[in-house]
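Laboratory data are not the source of any read-out in this text; all were calculated from the coordinates shown. Keep in mind that this is a model prediction, so the values were computed, not measured. Methodologically, a virtual Cβ is constructed for each residue, glycine included, from the backbone with ideal geometry; neighbour enumeration extends over all protein chains shown.
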Amino acid sequence: MNAVAGGVRWFLVPAGMAARRMIADRSGLVVAVFFYLLVSVTLSSLWRAAAGHQGSVAGYSADSLTWYAFAAEAAICGIAVRLVDEIGEEIATGVVTAEMLRPASVVGVRLATVLGRSLTLLGVLLVPGTALAWTIAGPPPGLGPMVALVLPAFALAVTINVIMQHVAAAASFWLRDIRAAWFLYQKLVFVLGGMLLPLEVLPDSLRTVASCLPFMAMAYVPARLAAGHPAPELLVVQAGWLVVAVALAVAVFAAGQRRVEVTGG
Amino acid sequence: MSDDGECGEAIRATGLAKRFGAAGRSVEAVSDLTVSVARGERVAYIGPNGAGKSTSIKILTGILRPTAGSARVLGLVPWRERRRLAARIGTLFGQRSQLWPDLTARQSFTMLAAIYGLGSAKERLRVAELGELLGATELFDAPVRQLSLGQRMRCELAACLLHDPEILFLDEPTIGLDLLAKQRLRDLLVHLNGTCGTTVFLTSHDVADIEHVAERVVIINAGRVIHDGAVAALRRDLLATKLVDVGLAGPAPTIDLPGVEVVEHNDTVLRLAVDTASVSIRAVLDTVLDRCEVSDISVVDPPLEQVIARVYTASSAGAPEDASTGSSGPVELPATDPVRVGRQG
Amino acid sequence: MRGTVAVLRAAMRDATARRAAFWWQISVMVANDLIWVLFWMIFFTRVPSVRGWDSEKVLLLFAVLTTGSGLALGILANCRRIPVLVREGALDEVLTLPVSPLRHLLVSRVDTVNLGDTVFGVVLFLAVGRPTPLRAAVFVAGVLLSTALLASFLVLIGCAVFVTGDGESSGLGTHAILVLSSYPADIFQGATKMLLYTVVPAGFVASVPARLIDRPDLTDAAALVLITGIFAALAWTAFTLGLHRYASGSGWRRS
């Protein structure tokens, strides 16, 4: 038991510290909550107006679209903005190289910090988000058992996203300017990840592509569940992507570390 | 009102005060500052960090509004007639740039010339003139970010002289420059003052700037003027001390000369405070080189803070009530302050 | 005026001095805008129209928004940087020049990344806006008013820094107007919609000009001019009064 506790301590301690720092940053939280509610209200207004015309869009009612919009935005806004840029910059300036000298796993400690921060932020966003969505669209569809699916889906979505952003940021080991990588990543999440629109709205070909990519695990899955579609199998899909993401991150950072050792950063 | 042309006054400030911050936690940066500068004068305006130098310059150039007091610069009230005043004065700040880093200085001059309403013929003429005066013509065509700091400062100076200002305000113009560049800038300022009659009002931390550029020195501390007099007098009274730092390669005897005070002496370092009024630096160096095994030697001015501290000592000795004024913000000196030890000894 | 033009020309030269970065930023912005067009096109495959806005009108709105916001944030780039300029004491340089400080500030920085938006917006209008001389004229006038309104709004909220000392509230306002302007104002109802035509005039930034291009209307046009004028006057006044409280930040650090 103690061995297990010792084993996860390296993860829990930095995560807990990051979470406390996030809570302490009041003005940062105010900006994040404001931006999240602003975008969610705007997008849900658009979808409600769209559904109002014909009753529903791609099988979603106006109310379920509202919940979709608030949930999808929360999953994305729950992550510190421009993470890829930040990590890329830190790799470029040697901060990460310095961290590699520490005994703990570089990727692990970083992930712990960012996850601690992001999951805290997500939790903070979900409170006013739920309240506002409830006011606009009434109680969440399938309230009750769905919560058991939605909350883990949110946690998985943020975790996969954070890990994949690290993978994208690791391009900094090889490229000087990774803004392109970040830019592309962001847009893929917006459209193919289901942040701006439910994947059911996409044309068939695009939808097939989207369902084969990890981005759908980052916004679409929790949003789809929150919109009242009972689909536990989506959690299995997320779990699969989590495994892939972790494997990719470990591989890419190991390669990057080798490169730093060879070239001196 | 008072015509600046007639009375020959470039700057007159009376009872200026400036408070920053909200009522409860405000800080008085300048309090009851009274100073005047005649046209064509070269004045050094000095004081320790936080003394209110920059704040007062910013009030005199119209950037800040004072909380109290009055001021006229070239007969204009700076904060009310800022634009008219700006057209007649030049400002150079060591910490800030008028020039755009990615453009050549010449491109920035074109923009400034348009702002100051210079025609393009006049602009070309003036830029050529300044290029020659500052020995900087060849620097004008390189992007400013590629210039060294010294080269950039010459271009900055050209930028603030473009419209032929009547007063030049310089805030720490030599900061960060190497010795040669500093000397060059100082010579330029004196030359400019001599040929064009430009009034020079300069702040600096560097005692040498004051000695080489200014004729008159105004020392302020805690927002008030604590000394106002000719540099020649200051030099005689307060800048006569030089510090001689000797790096020792072996054990050395104590130097015992009239006018020389040993400030620090251990196995590797010998520091002397030399009163140049009673003994020449050369005599001291000769003695040191004769008696010690020297690995390194240098002669430096005492830091400005010490000069100022001595102004306090002098003024409080003459007028005891000044000491209480001084206590509102005296310069704090380290316990081992060499000059003070030297002077008191 | 000659001074203002010279400053703008210098700012433009400065922004384009590094060619590679310049074209890269332009391309990134164009790609970004293309994604939004893609979004709207997908959206309108499922929904014929939203409260009177079909795909053509929404693309027109998007053309006005990208052109106008590109000009405001690109050519008048300092309009959203008032808080940071004031806090850093960067108004000092401007105040030593014999110029109107706000006018000089506004034109003295060009952000190329936003110019990509302008290029995109114009091309989009030419491609999908069915340009006729009249429609093009209304587009140009609408875009210029939209630019002025957006810049004025950003300056106005930026001036809060003179009182609060931080840029947080203006950051929120910037987010708000940019997000809200990106969608037809009619998707909102009630008090929110009212807000978009008054306090946060997002409705006038893109929706009204886009509507005017399609259906010129005197009331709409007058309202657009009036609200732009009001916000410009408010911005000017707030900045001028704010300058009295300007403390020059931590500029000239070594005093």
Please report the spacing between the Cα centers of the range B:209-284 and the range C:199-216 in Å, no decimals.
73
Quick one: which of B:128-141, C:213-226, B:205-218 comes out on top by average Cβ neighbours within 10 Å, and what's the full order, highest first?
B:205-218, B:128-141, C:213-226
Just the Kirkwood number for the range A:109-223, please: inverse of mean 1/r across all distinct Cα pairs, in Å, one decimal.
15.7
Helix B:179-196 vs. chain B, principal-axis angle (Cα, 0 to 90°, nearest 10)
50
Return the inverse of the average 1/r over all pairs of distinct C-alpha atoms in chain C, which is the Kirkwood hydrodynamic radius, in Å to one decimal.
19.0
Calculated over the range B:240-300: convex hull of Cα atoms, volume per residue (Å³)
63
Return the percentage of antiparallel bridges among DSSP beta bridges fully within the protein assembly as shown, rounded to the nearest 5 %.
70
Only loop residues by DSSP count here, and only those with at most 11 other Cβ atoms within 10 Å; note down the chymotrypsin sites (Phe, Trp or Tyr not before Pro) in the range C:11-100 that meet that.
none
Furthest towards positive pole of dipole, C:101, C:78, C:120, structure part the range C:2-244, Cβ charges
C:120
Most packed first (mean Cβ within 10 Å per residue), the peptides C:227-233, B:9-15 order as B:9-15, C:227-233
Taking Cα atoms only, helix B:281-291 is inclined relative to the longest principal axis of chain B by an angle, in degrees rounded to 10, of 40
Please compute the average number of Cβ atoms from other chains found within 10 Å of each residue's Cβ in peptide A:187-199.
2
Cβ-Cβ cut-off under 9 Å around residue C:57, Lys and Arg +1, Asp and Glu -1: the net charge is -2
Which net charge results for the neighbourhood of residue B:250, defined as the other residues with beta-carbon distances under 10 angstrom from its beta-carbon, given Lys and Arg at +1 and Asp and Glu at -1?
-2
Kindly identify chain B as rounded, prolate or oblate by the Cα gyration tensor criterion: order the square roots of the eigenvalues as a ≥ b ≥ c, call it rounded if a/c is under 1.5, otherwise compare a/b with b/c, prolate if a/b is larger, else oblate.
oblate
A student asked for the Cα radius of gyration and Dmax of the range B:121-224 in angstrom ought to give 14.2, 47
By counting other Cβ atoms within 10 Å of each Cβ, how are B:290, C:54 ranked from fewest to most?
B:290, C:54
Compute for the protein assembly as shown: radius of gyration divided by Kirkwood radius, i.e. Rg/Rh, restricted to C-alpha atoms, rounded to two decimals.
1.05
Checking understanding here: applying a Kyte-Doolittle mean of at least -0.5 and a length along the axis of at least 30 Å (C-alpha), which whole DSSP H helices in chain C pass?
C:19-46, C:133-158, C:218-244
Kirkwood hydrodynamic radius of the range C:1-79, Cα pairs, Å:
15.0
Which entries of B:53/B:122; B:58/B:182; B:122/B:182; C:57/C:193; B:18/B:242 have Cα-Cα distances beyond 26 Å here?
B:53/B:122; B:122/B:182; B:18/B:242
Net charge within 10 Å of residue B:67 by Cβ-Cβ distance, Lys/Arg positive one each and Asp/Glu negative one each, not counting residue B:67 itself?
+2
Against the longest principal axis of chain B, how steep is helix B:105-115, in degrees 0 to 90 to the nearest 10, with axes from Cα atoms?
50
Measure out, as a whole number of angstrom, how far apart the alpha-carbon centroids of the range B:73-95 and the range C:50-100 sit.
30
Calculate the dipole size of the range B:4-235 relative to its Cα centre from +1 charges on Lys and Arg beta carbons and -1 charges on Asp and Glu beta carbons; express the result in debye to the nearest 20.
740
